[in-house]
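Coordinate-derived values only; no laboratory data. What you see is a predicted model; the values in this text were computed from it and never measured. With ideal geometry, Cβ positions are generated from the backbone for all residues, glycine too; neighbour counts draw on all protein chains shown.
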Amino acid sequence: MTAFATDLVPEIRPARGLPGWALPVATLAVAYLAVPLLATNYLFEAILLPFLALSLAGVGLNILTGYAGQVSLGSAAFMAVGAYAAYNVHLRVEGLPLIGSIVAAGLSAAAIGLAFGLPSLRLKGFYLAVSTLAAQFFVQWALTKFSWFSNDSASGVIDAPPLQIAGFAVDGPVGRYLFALTVVAVLTFLSHRLVISQTGRNFIAVRDNETAARIIGVPVLKTKLLAFAVSSFIIGIAGVLWAFAYLRTVEPAGFNLDRSFQILFIVIIGGLATIRGAFFGAALIVVFPLVLSRFGSLVLGDVFDSGVLDMSQRIVLGALIILFLVLEPDGLAALSDRLRRRIATGLRRG
Amino acid sequence: MTEVLTRVLEGVTNGAAREGAAAAESVQKVVRARPGLAPDADADAQLHPAAKPPAAVEVVAGDGPAGQGVGNEAAQAIVLELAGVSLSFGGVAALSEVDLSVRRGEILAIIGPNGAGKSSILNIVSGVYRADRGHVRLKGQRYAQVPTQALADLGIARTFQNLALFPGLSVLDNVVAGRAHRARSSFVEQIAGFGRARRERLDARARAIDVIDFLQLSALAERPAGTLPYGLQKRVELARALVAEPEILLLDEPMAGMTASEKAEMAGFVTAARDRFGTTVVLIEHDIGVVMSLSDRVAVLDHGRNIALGTPAEVQRDPRVIDAYLGVAVEDDEDVARGEGL
């Protein structure tokens with residue numbers, strides 16, 4: 001308690017070393033300057049691109065689930081809406097720059113998210129989660145059923161158009177990486193601005209105590225719907241990155257319930273209601289299967305085929321989630337905070 | 001037996017004279033026996049002219065201790081009225097035909113045994129419940145159910161019997177959240193962070209810091225509210241209510257579960273808040289000692305009925321109160337004398 005008694009409500013946190021923006025800026029500098037020089041194509045294609053897309057989806061879901069407290073199992077559906085909307089807008093609107101398609105995709109996902117967020121006005125927790133499943137199944141069904149969405153391709157498969165920004169092609173792995181990184185950085189920054197604003201406080205107020213929130217004048221219904229819309233907007237754009245920058249060819253089945261759970265796990269493991277948690281969680285979810293497969297084949301040799309890998313992945317991931325929920329409900333973000341504090345005190349002593 | 005009680009309660013009133021004072025005495029002169037009995041039309045006629053000069057009253061209340069203002073004409077304005085309010089839960093009557101009017105700038109305590117309907121009154125005033133019969137009159141409007149969403153804009157803030165903070169937010173952010181009803185900027189403006197959104201943010205923050213200072217919570221401003229001890233969380237809740245600058249403050253057992261010194265501190269804050277902001281306070285409290293010293297008037301509820309209303313001195317002399325509320329059983333009398341009277 002004495003540690004807090006020293007400062008009188010500072011505008012910026014008391015200087016415990018570096019200012020708050022230092023770490024994100026340093027990370028961005030490394031991501032923009034060092035990574036493109038050092039990373040291999042494999043690293044871009046297998047790790048960094050899915051990591052960026054899933055991180056962004058995690059940031060989006062975290063706004064809804066972590067901050068506003070509305071559980072959703074429909075994230076993959078909103079990713080699909082984003083991906084297919086971007087594809088169609090790009091296809092059907094002549095001369096619209098890529099950025100226009102992306103924004104349109106986000107808005108489409110926001111509209112669908114808003115519609116499937118309506119049950120949240122009446123339902124809570126479990127029941128709401130089940131009702132968001134409807135989005136999951138409905139979107140996947142609609143994209144497969146109506147071939148218009150995929151420009152009449154077989155079984156709803158779409159191919160990403162060549163990516164161009166201001167006349168420059170960004171089709172190589174490095175180009176797509178920088179493109180995805182920029183989108184993620186901008187949206188993450190805006191999300192950060194949102195969650196520290198009055199609206200962000202309203203989200204948390206609705207999550208922590210809906211009655212109290214209503215009584216102090218938080219427009220509860222509007223706040224919930226806004227959370228659904230903003231979250232779906234971001235997840236929709238994550239879907240665009242997934243389809244355009246990472247896989248390049250996607251089908252509706254790729255945005256199934258497994259993907260929704262994956263994003264939910266990212267948020268839980270990373271830490272609810274922290275933006276950087278989504279990045280920790282996504283890193284773990286992306287890197288972990290690769291490490292497991294390397295490790296498995298090293299230790300077990302031929303026995304460790306893809307079937308075993310898939311199964312052991314699920315088992316270890318499940319165990320990990322239980323472990324996190326029991327031991328560190330605040331996720332990797334809290335873990336990293338504690339680590340940083342310990343290092344800081346260690347340095348001060350040393 | 002009643003003599004014992006009266007003596008005990010008189011001891012308490014001496015405490016009142018010590019702490020709270022002149023206000024209580026000036027109120028004694030102007031007690032109206034059963035205000036709610038006036039027919040509706042009359043009540044309207046009384047209310048509207050009275051509701052007019054609140055600005056002037058606020059100046060009076062803001063200038064000095066509002067207690068001084070209670071005696072004068074304008075301060076008689078009734079800011080909140082319950083008329084014939086009944087409420088039942090599945091056949092069990094929580095409130096029956098309750099009339100209650102609250103005057104500008106006073107501290108009105110509602111007391112009564114468990115289940116007497118005290119919290120129900122606050123829940124009806126704050127729109128959490130809807131009255132089966134009767135209505136609430138606020139700012140010249142009659143409500144069967146007060147619109148909770150507009151409560152803050154109607155000038156009412158409340159605290160809850162069980163804490164209703166946002167544990168995930170810091171103390172400062174909890175208090176800033178109390179300004180939520182004033183936010184007009186859209187979320188896009190807030191993300192951009194200039195113009196109206198910036199003004200609102202700075203204003204809310206400055207006011208929150210001010211109230212936090214006032215309630216001596218500054219050292220804890222950055223702490224997550226959920227990590228504070230109970231008594232401090234209660235105080236943060238008071239801060240969140242006060243930052244909205246309510247005309248009427250509803251406090252549901254603000255001192256429940258506190259130690260004696262915490263209670264005294266809290267009582268001091270409630271009085272100070274009234275004096276500084278000119279807020280009308282309606283509070284529910286079990287501790288008779290606190291009630292008698294803190295409040296200008298006391299309403300006594302028993303089995304959902306308002307059985308007495310008056311100054312602390314009057315109420316504790318009222319035989320109905322002694323019978324129904326205090327004079328329950330011999331063993332309990334001793335409890336009152338030991339635990340709450342002193």
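Please list, ordered by chain and number, the residues whose modelled amide H lies under 5 Å from the amide H of A:Ile165; skip anything fewer than 5 residues away on the same chain.
A:Val170
What is the pair-distance distribution P(r) of region A:27-103, computed from all Cα-Cα distances in 10 Å bins starting at 0, with each bin given as a whole percent?
Reading the bins upward from 0: 15, 31, 35, 18, 0.
For B:Leu232, what charge total do you get from the other residues with a beta carbon under 11 Å from its beta carbon, if Lys and Arg give +1 and Asp and Glu give -1?
Cβ neighbours under 11 Å give a net charge of 0.
Using the reciprocal of the averaged 1/r over all distinct C-alpha pairs, how large is the Kirkwood radius of region A:228-350 in Å?
The Cα-based Kirkwood calculation yields 16.6 Å.
Whole-Hz ³J(HN,Hα) for each residue in region B:229-234, computed from phi via Karplus 6.51 cos²θ - 1.76 cosθ + 1.60 with θ = phi - 60°, x for glycine and proline: what do you get?
Going residue by residue, I get x, 3, x, 6, 4, 4 Hz, with x marking Gly and Pro.
Provide the net charge surrounding A:Phe149, with neighbours chosen by a C-beta distance below 12 Å and charges set as Lys +1, Arg +1, Asp -1, Glu -1.
For residues surrounding A:Phe149, the net value is 0.
From the phi of every residue in region A:142-159, what ³J(HN,Hα) in whole Hz does the Karplus formula 6.51 cos²θ - 1.76 cosθ + 1.60 yield, where θ is phi - 60° and glycine or proline is x?
Along region A:142-159, the couplings run 5, 5, 7, 6, 9, 6, 4, 4, 10, 6, 6, 7, 5, 6, x, 6, 10, 10 Hz.
Taking the Cα centre of region B:254-328 as the origin, how large is its charge dipole in debye, to the nearest 20, when only Lys and Arg (+1) and Asp and Glu (-1) carry charge on their Cβ atoms?
Once rounded to the nearest 20, the dipole reads 160 debye.
For region B:275-325, just say rounded, prolate or oblate: build the C-alpha gyration tensor, square-root its eigenvalues into a ≥ b ≥ c, call rounded for a/c under 1.5, and beyond that prolate if a/b exceeds b/c, oblate if not.
Prolate.
Given points 7 Å out from each Cα along the Cα-Cβ axis, report the A:Ala134 to A:Glu94 separation in nanometres with one decimal.
Distance between the two pseudo-spin positions: 4.1 nm.
May I ask you to evaluate 6.51 cos²θ - 1.76 cosθ + 1.60, the Karplus curve with θ = phi - 60°, for each residue of region B:262-270 and list the ³J(HN,Hα) values in order in whole Hz, giving x for glycine and proline?
Residue by residue, region B:262-270 yields 5, 4, 4, 4, 4, 4, x, 5, 5 Hz.
Would you compute, for the Cα atoms of chain A, the largest minus smallest coordinate along each principal axis and list the three values in descending order, in whole Å?
Taking max minus min along each principal axis of the Cα atoms, chain A gives 67, 55, 45 Å.
Would you grab the residues whose amide H sits under 5 Å from the one on B:Val79? Only those 5+ places off in sequence or on another chain, please, with H modelled 1.01 Å from N.
Under 5 Å from the amide H of B:Val79: B:Val102, B:Arg103, B:Arg104.
What's the ranking of A:234-241, B:272-279, A:194-201 by average number of surrounding C-beta atoms within 10 Å, highest first?
Ranked from most to least packed, the peptides come out as A:234-241, A:194-201, B:272-279.
For a protection proxy built on the mean count of beta-carbon atoms within 10 angstrom, sort B:282-295, B:256-269 highest first, please.
B:282-295, B:256-269
Only helical DSSP H runs with n ≥ 4 go in: add -39500 (n - 2.57) per run for chain A, normalise by residue count and round the 222 nm mean residue ellipticity to 500 deg cm²/dmol.
-21500 deg cm²/dmol, from helical runs alone.
Measuring from centroid to centroid over Cα atoms, what is the spacing of region A:128-163 and region A:182-237 in Å?
Distance between centres, Cα-based: 27 Å.
Treating the beta-carbon of each Lys and Arg as +1 and of each Asp and Glu as -1, no other charges, what is the dipole magnitude of chain A about its Cα centre, to the nearest 20 debye?
Roughly 1140 debye for chain A.
What FRET efficiency, computed as 1/(1 + (r/R0)^6) with R0 = 51 Å and r the Cβ-Cβ distance, is obtained for A:Phe146 and A:Arg338, rounded to the nearest 0.05?
In this case the efficiency is close to 0.55.
Please compute the net charge surrounding A:Leu54, taking Lys and Arg as +1 and Asp and Glu as -1 over other residues with Cβ under 13 Å from its Cβ.
It works out to a net charge of 0.
Please give me, ordered by residue number, the chymotrypsin sites (Phe, Trp or Tyr not before Pro) of region B:170-221 that lie in loop per DSSP and have at most 13 other Cβ atoms within 10 Å.
For chymotrypsin sites (Phe, Trp or Tyr not before Pro) across region B:170-221 that sit outside H, G, I, E and B with at most 13 neighbouring Cβ atoms in 10 Å, the list reads B:Phe194.
Could you sort out which of A:Lys224/B:Lys139; A:Lys124/B:Lys139; A:Lys124/B:Lys234; B:Lys118/B:Lys263 sit more than 23 Å apart by Cα distance in this structure?
Exceeds cut-off: A:Lys224/B:Lys139; A:Lys124/B:Lys139; A:Lys124/B:Lys234.
What is the distance in Å between the Cα centres of region A:278-350 and region B:168-225?
Computed from Cα coordinates, the inter-centre distance equals 37 Å.
Would you be so kind as to identify which of A:Ile268, A:Gly200, A:Ile47 lies farthest towards the positive end of the dipole of chain A, taking Lys and Arg as +1 and Asp and Glu as -1 on Cβ and the Cα centre as origin?
Of the options given, the answer is A:Gly200.
Mind listing the long-range amide H neighbours of B:Arg305? Cut-off is under 5 Å, sequence gap 5 or more, other chains count too, H placed in the peptide plane at 1.01 Å from N.
Those lying under 5 Å, H to H, from B:Arg305 are B:Ser96.
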